[in-house]
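Asker: Before anything else, here's the structure in question.
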Amino acid sequence: MKVLFIDEYLPQEMLGIMWLSRAIKDAGHECKALFIPDKKWLEKVREYEPDVVCYSMTTGMHLYFADINRKVKQVVPNAFSVFGGPHPTFSPEFVETEGVDSVCRGEGEAAIVDLLDRMQAGRDIRDCENFWIKDRKTGEIHKNPQRPLIQDLDHLGFPDRDIIYEAGAIYRNTDRKVFVSQRGCPMPCSF
Ligand code: B12
């Protein structure tokens, strides 16, 4: 399957996207990123023709990305949209938004690979764990439980920095690279 992550330029490389891309590529799927602002962004979406369009979001960016997604759907109407990150984890009812096909709650590596493998094989995706999935025909929302958290982070391999560097040379050229050796928050935060 062909996957496209759309994000805006942030002050640093996005570890979520890099780790998801690692898992997606290791499972044999294709994966690219596109950063906005880019005058040709919609042209690039049309040219790549992704099967799945992915967005990683914090709260506050959700209306913006919902709008971006509606524009994406005008040029690739069959592309399946997946939203993940803190906002969909806290507020999965975001799936009710027009144009949103699914949201992923919590860790995404195993979830997105499961989803893509099922799509590739033409299998049912409605009971895919971690996802809330909207049936395109009936509008019914399938609310699935989350799978257990990853126990051994070393199994994930290294984040795929290429996906970010290919899409945004500024990240490749900067001396500042981002590393995180844990998941979640060491304080009592809920995320
Ligand atoms: C590093 C960091 C930043 C960096 C990079 C952000 C980024 N998007 O990569 C910078 C400095 C830019 C930043 C900025 C901000 N941040 Co910040 N940041 C973090 C921090 C400390 C770690 C994030 C991280 O890299 N985690 C590691 C990766 C691997 O995890 P992840 O990104 O969550 O991704 C996993 C899952 O969420 C999921 N997933 C994520 N995206 C997707 C997409 C799909 C399609 C799928 C299937 C799955 C999926 O799968 C990934 C792998 O398992 C978190 C704290 C935390 N505990 O997470 C706060 C946190 C994300 N930030 C937060 C906030 C508030 C902000 C700002 C709004 C601050 C501000 N006032 O400007 C901005 C928003 C910028 C933006 N548009 O994202 C909040 C978000 C709360 C919320 N309700 O959304 C957090 C949770 C801190 C907190 N506890 O309050 N941040």
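Asker: Gain in length, Ile141 to Ser190, computed as 0.36 nm per residue apart minus the alpha-carbon separation, to one decimal in nm? Could you put the intermediate results ahead of the total?
Answerer: Working: separation 49, 0.36 × 49 = 17.64 nm, distance 2.50 nm.
Taking Ile141 through Ser190 to full extension adds about 15.1 nm, to one decimal.
Asker: What is the Rg over Rh value, at two decimals, for the chain, using alpha-carbon atoms and the Kirkwood definition of Rh?
Answerer: 0.93
Asker: Additional query: With a 1.4 Å probe and all protein chains left in place, how much accessible area per residue does the chain have, in Å²? Could the numbers behind the result be given before it?
Answerer: On the way: 10410 Å² over 191 residues.
It amounts to 55 Å² per residue over the chain.
Asker: With springs only between Cα atoms under 10 Å apart, run a GNM on the chain and tell me which of Pro11, Pro37, Pro50 wobbles the most.
Answerer: Sorting by GNM fluctuation, first place goes to Pro11.
Asker: Roughly how many whole Å is it from the C-alpha centroid of the stretch 97-124 to that of the stretch 135-191?
Answerer: 14 Å
Asker: Going toward the positive end of the dipole of the chain, with +1 on Lys and Arg Cβ and -1 on Asp and Glu Cβ, which of Ile163, Tyr64, Gly85 do you reach last?
Answerer: The listed residue farthest towards the positive side: Tyr64.
Asker: Once you have a ≥ b ≥ c as the square roots of the Cα gyration tensor eigenvalues for the stretch 1-95, tell me rounded if a/c is under 1.5, and otherwise prolate or oblate according to whether a/b is larger than b/c.
Answerer: Working: a/c = 1.31, a/b = 1.08, b/c = 1.21.
Judged from the Cα gyration tensor, the stretch 1-95 comes out rounded (a/c under 1.5).
Asker: Using the Kirkwood formula on the Cα atoms of the stretch 83-144, what hydrodynamic radius do you get, in angstrom to one decimal?
Answerer: For the stretch 83-144, the Kirkwood estimate is 11.6 Å.
Asker: Given the Cα-Cα distance of Leu15 and Val180 and 0.36 nm per residue of separation, how much length would full extension add, in nm?
Answerer: Details: separation 165, 0.36 × 165 = 59.40 nm, distance 0.82 nm.
Once the chain is fully extended between Leu15 and Val180, it gains 58.6 nm.
Asker: Can I ask one more? Spin-label point model (7 Å from Cα, Cβ direction): what's the Glu30 to Glu49 distance in nm?
Answerer: It works out to 0.9 nm between the two label points.
Asker: Over the Cα atoms of the stretch 52-121, what radius of gyration and what Dmax do you get, in Å?
Answerer: Computed over the Cα atoms of the stretch 52-121, radius of gyration and Dmax are 11.7, 35 Å.
Asker: Could you grab the relative contact order for the chain? Cα pairs under 8 Å, six or more apart, rounded to a whole percent.
Answerer: It comes to 23 percent, rounded to a whole number.
Asker: When only Cα pairs under 8 Å and 6 or more residues apart are kept, what is the percent relative contact order across the stretch 1-57?
Answerer: Reported as a whole number, the value is 60 percent.
Asker: Further, regarding this structure: GNM on the chain, C-alpha springs below 10 Å: top fluctuator among Asp51, Asp38, Asp175?
Answerer: Asp175
The values are calculated or read from the model by the stated rules, or taken from the named source; none is laboratory data. All of these numbers come straight from a predicted model, not from anything done at the bench. Using ideal geometry, Cβ is built from the backbone for each residue, glycine included, and neighbour counts are taken over all protein chains shown. For accessibility, only protein heavy atoms count, side chains too; no ligands or nucleic acids. Shrake-Rupley method; radii C 1.70, N 1.55, O 1.52, S 1.80 Å.
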